[in-house]
Amino acid sequence: MNALNMVKDLIGQLTGIIVSLIALGVAAGVVFGGGLPFVGGVLDGLLGLVNTLGDNGLVGLIVLAVLLDLYR
């Protein structure tokens, strides 16, 4: 069980790092524009996800709620 807890902690830490990088990419995109190599992909991906969820109406809202619950 100790090994499983270590893997779970590692995955949680990696998820935290990835979320921080996404937030950094979005903030850099707002400040510097989408011309930076890393930033353009982050903003395009995030906007695509938001548009996809928005186009699906109630189903998109349910998926968003499930994703937020999984993240928490």
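Things worth noting here:
- Cβ-based exposure ranking for Asp44, Asp69, in which fewest neighbours within 10 Å come first: Asp69, Asp44
- Full extension of the chain segment joining Met1 with Asn51 gains 13.9 nm, where the gain is 0.36 nm per residue of separation less the Cα-Cα distance.
- Length added when fully stretched, Val59-Lys8, from 0.36 nm per residue minus Cα-Cα: 15.4 nm
- Using just its DSSP H runs of length 4 or more, each adding -39500 (n - 2.57), the chain gives a mean residue ellipticity at 222 nm of -31000 deg cm²/dmol after division by all residues.
- Shape call, the chain: gyration tensor on alpha carbons, a/c limit 1.5: oblate
- Across the chain, the mean sequence separation of Cα contacts (distance under 8 Å, 6 or more residues apart), normalised by length, yields a relative contact order of 15 percent.
- Spin-label pair Val30/Leu67, simplified geometry with 7 Å Cα→Cβ offset, distance in nm: 1.8 nm
Quick note: the coordinates plus some simple rules give every number you see, no bench work behind them. The model shown is predicted, which means the values in this text are computed figures rather than measured ones. All Cβ positions, even for glycine, are placed from backbone atoms using ideal geometry, and neighbour counts span all protein chains on display.
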